[in-house]
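For reference, the structure discussed in these notes is given below.
The values are calculated or read from the model by the stated rules, or taken from the named source; none is laboratory data. Keep in mind the model is a prediction, meaning the values are calculated, not measured. Using ideal geometry, Cβ is built from the backbone for each residue, glycine included, and neighbour counts are taken over all protein chains shown.
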Amino acid sequence: MERRLAAAMKRAEVEFGLPNSIEAMLPGPVAAERNAAAPLDEAAGIVRPYFRNFGFAPSRDLVGFCLQADPSLGRRLLIEEVNRLLDEVDHRKEFAPIDPIRRPWVLQPTSAPHRPRLLLLESEAIVGRQLASDGKPNEAARRLLRVLRINRKWTAGEPWFGDFAGDVNRRGVVIEELNRILRTGRIESALYDAIDREMEEQDRCQELFVRQYYIEMLKRLDDFEINPNRRQAWWLIGPLAANDRLLIVEWYARIMRCIPRPYAEVKDELEAADAELRAISNHRLGRFLHPDAMGVTSKSYRGDWLQAEARCLRIINAMAKSGRWEAELDTLGLPNEALVDPVNRQRLHVKKTPTGPIVYSVGLDRKDNGGTLEGNTIDGLDIGLGPVSAKGTKQTAK
């Protein structure tokens, strides 16, 4: 069994081009003056006192801080310093951990010291929305694009802090705010080009998700070596531990092979893999032989949603830049790949409405639901961007 496990790990290493240890994936040291993580942590440290109870969501105090709600000179100077530091983060090319990463691995972005970073970036996104509402679309767009670039740089520099759903949601919120800005007025010409470049970068998210899954697989394997409860559980039946680890390697490999392929093509395959894990965990002998079966991450965290929204925004951005909201997709000057639905590899849809076009993908149910963008379940929903009502909710086709 150990030989089978070693062979499976070697196949994964060759197939995905990544090393078989977290230590080997850690970056080398980066000088503080070149490391974008240094000014990011400094900025987060400045605003940390304004996190209400240091919770998981930005407080009104912090958003007010960023919006310069306090007229005091001291507060204004702090705000200027935070903006200067975030510009420095945006400017620097390298990103590496400030402190050495050691076992046991702490791989969640909500763990200290990373929670302040998250809350700062989420607050910056809220500030961008408020600036747009205050009639400052250029400043809002610049701030939102900076959030996306910093988030992308951080995630690429520290992929072991991956948070699949959270990462996609954070980027999606900013994309929707940019959609709002583009539909409510003109912005500087250079900002249209900057939005197009950033959406092209966001479109490459699937490559990063492969690395995040791979690192999560390595962490779960490492748990067998360093987790006292795990070692105790396998004390009498040690040889069977390799069988459990083999299941993890093979399952993750199946999921990672699916990531580059369109969701419509792999949906049934992903659901079958998920059903196998549930069947193992629900079977008495299966739970005994494979106690980690349901500890494996959900197969539903994919980049299709983010890719679809990024491509939809590129289309909306091109329409807004040219002022041609009724334009056909082929006349917008975008590369063909930007017009392709990542879910089914067909052409993205545009539905005209009295208040503007809805640009959308068929969604994860693989059906064209006529541009329906809001609902309680994935079934019946498309993925895309449409006009925004006065109340701030997305309008959908009737």
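Answer yes if at least one residue in the range 70-92 is among the charged types (D, E, K, R), under 30 Å from Asp222 (Cβ atoms) and either surrounded by 15 or more Cβ atoms within 10 Å (Cβ to Cβ) or modelled with pLDDT of 85 or more (or both), and no otherwise. It would help to see each step written out before you state the result.
Filtering the range 70-92 for residues among the charged types (D, E, K, R) gives 70, 75-76, 80-81, 84, 87-88, 90, 92.
So of that shortlist, the ones also under 30 Å from Asp222 (Cβ atoms) come out as none.
Checking the range 70-92: not a single residue is among the charged types (D, E, K, R), under 30 Å from Asp222 (Cβ atoms) and either surrounded by 15 or more Cβ atoms within 10 Å (Cβ to Cβ) or modelled with pLDDT of 85 or more (or both).
If you filter the range 130-154 down to residues that are out of contact with any Asp or Glu (no Cβ under 6 Å at 6 or more places or on another chain) and polar (S, T, N, Q), you find that the one that is farthest from Arg171 (Cα to Cα) is Ser133.
Condition (residue is assigned to a loop (DSSP other than H, G, I, E, B) and modelled with pLDDT of 65 or more) applied to the range 104-119: is it met by at least one residue? No - not one qualifying residue is present in the range 104-119.
Would you be able to say whether some residue in the range 330-345 is touching a helix residue (DSSP H, G or I) at 6+ places or on another chain (Cβ under 7 Å) and basic (Lys, Arg)? No, the conditions are met nowhere in the range 330-345.
Quick grid of which residues meet (1) surrounded by 14 or more Cβ atoms within 10 Å (Cβ to Cβ); (2) at pLDDT 95 or above; (3) not in a strand (DSSP E or B):
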| position | (1), (2), (3) |
| --- | --- |
| Tyr360 | yes, yes, no |
| Gly363 | yes, no, yes |
| Ile378 | no, no, yes |
| Gly392 | no, no, yes |
| Lys398 | no, no, yes |
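Scanning the range 17-40 for residues that are in a helix (DSSP H, G or I) and under 11 Å from Leu218 (Cβ atoms) yields a total of 4.
Gly370 falls short on exactly one of the conditions (1) under 26 Å from Ala141 (Cα atoms); (2) of a type outside the set (A, V, I, L, M, F, W, C); (3) modelled with pLDDT under 95; (4) surrounded by 12 or more Cβ atoms within 10 Å (Cβ to Cβ), and that condition is (1). Take the conditions (1) closer than 20 Å to Arg180 by Cβ; (2) within 24 Å of the chain's Cα centre (by Cα); (3) of a type in the set (S, T, N, Q); (4) part of a loop (DSSP other than H, G, I, E, B); Thr353 misses just one of them, which is (2).
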